[in-house]
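Note sheet for the following structure.
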Amino acid sequence: MVMSMKPRDAKLRILGKTFRYTVDFFQDHEFIQLMPVMLGKSVDPLGPDPGSSIIEIPKISYQGEVLRLVTSMILHKQVAVKEFKKIFIMSPNIRLERPERKETGRHLFEFTQADFEMADAGMEDIFELVERYYVGLSAFLHEKAEEEFAALGVKPFYFKTPFQCYTTAELKNTYGEDWELPASKQHQQPFWALSHKREFYDKQSSDGSYQNYDIIYPLGFGEGLSGAEREHEYEKIIMRMTRDKLDQSAYTSYLEHARKGLFPSAGAGIGMERLALFLTQSSHIGEVSVFPRVPGIPVDI
Ligand code: AMP
Ligand code: MG
């Protein structure tokens, strides 16, 4: 007798297959895969992004230097893209989210993102690449994960492109200040949300709008990707760090790179567990992890 697959196994297998597809996708598009960095002298401050809610960025001392646990590899991507042009990392991130985030069902304090960056790229290049990624993922999972989806009683999601685009101003007008979940619930397909007030490394036009973007998954699953055209000019980086009241001593090494010259680029990060949560239509992100790091819940081992 053939044993039927357990739903928990099916969820983990779908995450694994999504991970495999992601690595192949970026390699097939000639991105160089970097291994993750988990300690950085300068790391993503994650603010002022209203979507971010970390308590602190933990530090360790080693060899007389202060190193921080990596919240994201954005600053490392900006440095690496200058030489390597098209890069990606399956990047573990530590973000000590506030305990209230236990209730969202969509937050972990350790998770993995597929983080990529392209030199000389603009928003349109990223949209084209990312939409191709999701369409290919549908086809891949239809073919390779039939048994897993059958075990869950869920249909593999069929991504239809191009995704609709809205500015955050439009979304606020229609759905109110906290537009993300209501807008997500009203959609049957993912959509792009453009121009978020965000960190110093996202490009901002003279009219105040930002050249950044999120993908919001439909059916109430919320944000799945964030990215931007990056600020590479030293003076503007300094201006924005001042605007954000950041302690510049935590960015000395990054600023040294910026002073010597960064390269124009654009990129994004796709949360792998978030994507699996959506694909498997699970009710909590912890269901796609064996050792879920859920804010507000003690760690098992
Ligand atoms: P960010 O650039 O901070 O938006 O992170 C990139 C992507 O990683 C997000 O769009 C989510 O898909 C995912 N992500 C961010 N924070 C978390 C978290 N605390 N738990 C799980 N996934 C996350
Ligand atoms: Mg985001």
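Counting only other residues whose beta carbon sits under 11 Å from that of residue 220, what net charge do I get with K and R as +1, D and E as -1? Once all neighbours under 11 Å are counted, the net charge is +1. Over all pairs of different C-alpha atoms, the stretch 22-89 has a mean inverse distance whose reciprocal, the Kirkwood radius, equals 13.7 Å. Based on alpha carbons, the Rg and Dmax found for the stretch 191-301 are 17.7, 50 Å. Over the C-alpha trace of the stretch 71-219, radius of gyration and Dmax come out as 17.2, 52 angstrom. Converting the Cα gyration tensor eigenvalues of the stretch 144-194 into ellipsoid dimensions via √(5λ) gives semi-axes, longest first, of 30, 13, 6 Å. Cα extents for the stretch 1-155 along the principal axes, largest to smallest and rounded to whole angstrom: 61, 39, 32. Over the C-alpha trace of the stretch 78-138, radius of gyration and Dmax come out as 15.2, 42 angstrom.
Got a sec? Charge dipole of the chain, +1 on Cβ for Lys and Arg, -1 for Asp and Glu; which of 158, 275, 206 is way out at the positive end? Projecting each Cα onto the dipole axis, the largest value belongs to 275. Averaging 1/r over every pair of different alpha carbons in the chain and inverting the result gives a Kirkwood radius of 20.0 Å.
Using Cβ counts within 10 Å as a stand-in for footprinting exposure, how do 154, 23, 299 rank, fewest first?
The order, fewest Cβ neighbours first, is 299, 23, 154.
Excluding same-chain neighbours fewer than eight residues apart, the lysines reachable from residue 260 by a Cα-Cα span under 28 Å are 41, 59, 77, 82, 85, 86, 197, 203, 236, 245.
Across the chain, the relative contact order, built from alpha-carbon pairs under 8 Å that are at least six residues apart, equals 23 percent.
Bear in mind that the values in this text are calculations on the coordinates, not laboratory data. Note that the structure is predicted; figures quoted are calculated from it, not measured. Backbone-built Cβ (ideal geometry, glycine too); neighbour counts: all protein chains shown.
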